[in-house]
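Participant: Got a structure for you, questions after.
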Amino acid sequence: MTGPVPILGEENVRKAARIRTRIVVCGLMIWAAGIVVRLIQLQIFSHGKANELVIFQNQVEVKIFPERGSIFDRDGRIFAQSVPSPSVFYSPAAGENPAPMMESVKKLLPVLGLTQADVARIRSEVGKGNKFVWIKRKVDEETAARVKTLGLNGISSLEEPRRIYPQGRAAAHVLGAVDIDNKGQAGVELRYNTALRGEQGTQIIFRDAQKRDYHVEQLRAPERGRDIFLTLDATIQYIAQREIEKAVADNQAGWGVVIISEPETGEILAMASAPSYDPNRFPSADREGLYERAIRTQIEPGSTFKIVTAAAALENRRVATYETFDCRAEAIDVAGGPIRDHKPFGILTFSGVIAESSNIGTIQIGRRIGSDLLYKAIKDFGFGERTGIDLPAEIRGSIRSPQEWTRRSLDSLSVGYEIAVTPLQILQAANIVANRGVLIPPRIVRTVDGRPVRSAEDEAAPARIISAQTAEKLIDILERVVLDGTGTAAAIPGYSVAGKTGTSQIYDPAARAYSISRHTASFVGFVPADKPTLSMIVVLNEPKTSAYYGGQVAAPVFREIALRVLRYRHVFPSSDGRAILAAAAPKESRR
């Protein structure tokens, strides 16, 4: 009897199972090998690149802007300071499609007040693959909070310092302003930008998978900028700014300048121009308002320059104070056409010539001095050179050498024409007289980071320009200008005032002649004359009212400002017209 017959299909099934098992095992081995190879690639060959990608997607390194140093007046009142302000930015993930981001930007349009130019800039920067894109910088806290409530992916904010100027227009031209990156653009902000700006720091912002900030780590702390104390007095600056703006408006002038200084130290107490601007709104300021007139505008000074002519005549003994000059004519013949007086004066003494501001008399005096000695006096008084004040962009003015003079030049220069000067240069000349012949250069910065600002001129002995005897004679003459000459409108009851008026015609290049309707009016002086505590120049360009002489429009401004400043500084009048300097009051009561 035969046994059971094997089923032929069972062997095939077992064989197929073994094949499938081998295939699966081989697949698993290949898969495992692939993982190992990929791990080797990622951990060894591509580790750096992968690490950078993770960091790019989850960390943002940003700059920390330092707090800019503050600017104070001489008594510690704030002219400029920095305050924290939120700035909104966008940080994309690697390879992120910019389209959704631009949708987020559109949602921010009404919140941040973005313009189409802003949107175009943002789109351009995102399209370039920039890792960090500013949306709107230095917004207020309320706006930043509204942005945060929107919860837009990739949109964050950080704080950076924003510059503010609590005094507004006061001292705007001295202070200057900064740009959006807190870089100085003009004035002290530009001149001392390196000291004020400080050093940047850096920080990392960590984000989760949804690009939400969850941690901030500081890599390098920012270094705060250094503080600066100016010679300006905020109260005096306010008075000067208010009065020069009023004078420009009342006289319908093109512009005006007031500079007030302390002759003995050269410190500038106020420097005001009109029109002016608000440095808090620097980018949108009017171009005319931005222009610094005190040290960048050239004028032909006219009769204020007769201070130099008179000083040269006395110093070189070309005249005696008792000498007389024939000023009966209305004009004097000079090369190129006559030069006139505003009225016939008759016979005037040397003092009378200056007090009445007679062109005819001054030209006679200038001819006695001669070209070489007058030119030397002009250069000795600092004309044609910068005063060295610690502000940027000061100009030299211009004066030609005698070799370039025409036959008319000596006569013209004697009365303040054919020379271009700045208002500050004229004030410096008056200060030389006030300081009894010694030049003390003007300065406007007292300390940087608590250290006095010193120049080579500060270290050297003061330069003597004219003798003390000449200066004393000039002071007596300049007092007479105010007592009974052209500057009576500058007189202050109870105070001895010394000064000089100036009225110059403005040259018209188109007509190649001096205009008979356009003038620059000025007054420069100091008070008390015997021991000056302040000096001042007032310039009004092109007054358009019926009054345009310096004695009519500039001298009254001098009087109004000087009276307020003298009271503020506790310089009291005396019955004999000589001022009495009060004992220094505590700072609290002087403010």
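No lab work stands behind these numbers, since they all come straight from the coordinates. Just so you know, these numbers come straight off a predicted model, no measurement behind them. Cβ placement follows ideal geometry from the backbone for every residue including glycine, while neighbour counts extend to all protein chains displayed.
Participant: For helix 47-58, report the angle its Cα long axis makes with the longest principal axis of the Cα atoms of the chain; keep it between 0 and 90° and round to the nearest 10°.
Facilitator: Between the helix axis and the principal axis of the chain, the angle is about 60 degrees.
Participant: If we count other beta carbons within 10 Å of each Cβ, what is the order of TRP405, TRP255, TRP31, fewest first?
Facilitator: TRP31, TRP405, TRP255
Participant: Using only Cα atoms, locate the centre of segment 147-161 and the centre of segment 182-202, then give the distance between them in Å, rounded to an integer.
Facilitator: Here the two parts' Cα centres lie 27 Å apart.
Participant: Give me LEU348, LEU219 ranked fewest to most by other Cβ atoms within 10 Å of their Cβ, as a rough exposure proxy.
Facilitator: Final ranking by Cβ density, sparse to dense: LEU219, LEU348.
Participant: Highest mean first, what order results for 382-391, 306-315 on Cβ atoms within 10 Å?
Facilitator: 306-315, 382-391
Participant: Under a cut-off of 19 Å between alpha-carbon atoms, report the lysines in cross-link reach of LYS379, not counting same-chain residues fewer than 8 places apart.
Facilitator: Those lysines meeting the cut-off are LYS306.
Participant: Straight-line reach from LYS138: which aspartates and glutamates fall under 13 Å, measuring Cα to Cα and dropping same-chain residues less than 8 apart?
Facilitator: Straight-distance partners of LYS138: GLU159, GLU160, ASP179, ASP181.
Participant: If you fit an axis through the alpha-carbon atoms of helix 98-112 and take the longest principal axis of the Cα set of the chain, what angle between them do you get, 0 to 90°, nearest 10?
Facilitator: The angle comes out at about 40 degrees.
Participant: Once you put a point 7 Å from the Cα of CYS26 and another 7 Å from the Cα of THR321, both along the Cβ direction, what distance in nm separates them?
Facilitator: Spacing of the two 7 Å Cα→Cβ label points: 12.4 nm.
Participant: Enter the angle in degrees (range 0 to 90, nearest 10) between the Cα long axis of helix 359-369 and the first principal axis of the Cα atoms of the chain, meaning the one along which they spread out most.
Facilitator: It works out to around 90 degrees.
Participant: What lysines does LYS15 reach when the alpha-carbon gap must be under 30 Å and sequence neighbours fewer than 8 apart in one chain are set aside?
Facilitator: none
Participant: Now, a different point. Give me TYR568, TYR322 sorted ascending by neighbouring Cβ count inside 10 Å, so fewest comes first.
Facilitator: TYR322, TYR568
Participant: A further question on this structure: From the square roots a ≥ b ≥ c of the eigenvalues of the alpha-carbon gyration tensor of segment 385-485, which class results: rounded (a/c under 1.5), prolate (a/b over b/c), or oblate?
Facilitator: oblate
Participant: Could you go through segment 15-28 in sequence order and give the Karplus-derived ³J(HN,Hα) for each residue, using 6.51 cos²θ - 1.76 cosθ + 1.60 with θ = phi - 60°, rounded to whole Hz, and x for Gly and Pro?
Facilitator: Along segment 15-28, the couplings run 5, 5, 5, 5, 5, 5, 4, 4, 5, 5, 4, 4, x, 4 Hz.
Participant: In the structure displayed, which of LYS63/LYS107; LYS246/LYS544; LYS500/LYS544; LYS106/LYS148; LYS63/LYS136 lie more than 18 Å apart, Cα to Cα?
Facilitator: Correct reply: LYS63/LYS107; LYS500/LYS544.
Participant: Under 5 Å between amide H atoms, partner at least 5 residues away or on a different chain: which partners does VAL178 have, H built in plane at 1.01 Å?
Facilitator: The answer is GLN185.
Participant: Looking at the chain, what % of the alpha carbon pairs are farther apart than 46 Å?
Facilitator: It works out to 38 percent of all Cα pairs.
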